[in-house]
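Just so it is clear, none of the values below were taken in a lab; they were calculated from the coordinates. Since we're looking at a predicted model, the values are computed, not measured. Note: ideal-geometry Cβ built from the backbone for every residue, glycine included; neighbour counts use all protein chains shown.
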Amino acid sequence: MIRGSLSSKLFAASLFAAAPALAQAQDGLPEPVRDMIDAAIAIGEEEKVRTVIELARATNPDAGAELDGILAAYETDLAAANAELEAVERQAIRNAGLFENWSGRGELGASHATGNAENTGITAGLQLVREGIDWRHKLRARIDYQEANGLTTREQILVSYEPNFRISDRIFAYGLAQYERDRFQGFSGRYAVSGGLGYQVIDADDLSLSFKAGPAYRVTQFVDGGSESSLAGLVGLDFNWNITDSLKLTQDTNAVAEAGGSAVAIVDANNTSLNIVTGLNAQISDNLTTRLSYAIEYDSNPPEGAVKTDTLSRITIIYDF
């Protein structure tokens, strides 16, 4: 993106321009060694520069002080170039239009069986994320549908929007608007809105964990025509663990962050709803991933004729874009 297109220009202009003067000032280094360091700096890749300087140090042990000076000057210019690049990127983010800087993933899985019983099932999902300087926006949609012998046996729809605002490195504020539909659990529509605070407990390259909590308001429309509304409380957990470069474990609850590892429970005086989804993602290529997941959906007070707990196993293909 921006970093890839600007890095070579910035490093070539600022670092390479300063390199010859730095090298020429060090008379103790042989000319071929200075040329090698200049060439590494001109390429603009930090790892190569450090490798070349370390090789020069090993072959010219008496020039340690000179190489320390070259490395210190390089690091100073590198920090200045990175700061300039970051400022350009931040300004580009601030100036981005409403439909820019979005990334996402699409998920699709299907099954069909014939013989003693004929079953057809499909699951599809879409997640869009827009990362800003302080704001992050998440849009999610999912549908699960299944037929058995020509009769619909599952029809679930979920759509949610969740904006997050970074207050500090660890603390953030969140909002949530969510719509659900599941005739077989007894409701034709369930709407929930919530807002509150969250805390980032762990934010590492291979492991992340955060909590959030706040009040919520929920309206449920039942398939028999009745409806109810109530104040509720939301407690959430987001968790992701990259076990290896190609294997990732996610823990989701209430499908509020289905594609990313989270746990959310909405509790009110009439009904507590909980949706726990445990998933294992295996990367196939840069853009393709397979996902195996197991979901448990629980309502403490379902409508008459509906059971409290449903389970669902999925295997899907995910495409990142």
## Note on the structure
Filter the stretch 274-321 for residues that are of a type in the set (Gly, Ala, Ser) and touching a residue at least 60 places away in the same chain (Cβ under 8 Å); the one that is nearest to Ala216 (Cα to Cα) is Ala306
#### Entry: Unmet requirement for Asn101, which otherwise passes all of (1) more than 30 Å from Glu162 (Cα to Cα); (2) polar (S, T, N, Q); (3) surrounded by 15 or more Cβ atoms within 10 Å (Cβ to Cβ)
(1)
### Task
Would you please name the residue that is farthest from Ser111 (Cα to Cα), looking only at residues in the stretch 306-321 that are surrounded by 17 or more Cβ atoms within 10 Å (Cβ to Cβ) and either among the acidic types (Asp, Glu) or under 16 Å from the mean Cα position of the chain (by Cα) (or both)?
Asp310
### Query
Would it be correct to say that Ala87 is loosely packed, with under 13 Cβ neighbours inside 10 Å and either in contact with a Gly (Cβ under 7 Å, 6 or more places away or on another chain) or aliphatic (A, V, I, L, M) (or both)?
yes
### Query
What are the residues in the stretch 278-305 that are touching a Phe, Trp or Tyr at 6+ places or on another chain (Cβ under 7 Å) and surrounded by 13 or more Cβ atoms within 10 Å (Cβ to Cβ), if any?
Thr278, Pro303
### Residues of the stretch 182-198 classified as on the phi < 0 side of the Ramachandran plot and not in a strand (DSSP E or B), total
3
### Message
Suppose we keep only residues that are out of contact with any Phe, Trp or Tyr (no Cβ under 9 Å at 6 or more places or on another chain) and farther than 23 Å from Leu126 by Cβ within the stretch 152-196. Which one would you say is surrounded by the most Cβ atoms within 10 Å (Cβ to Cβ)?
### Response
Ile167
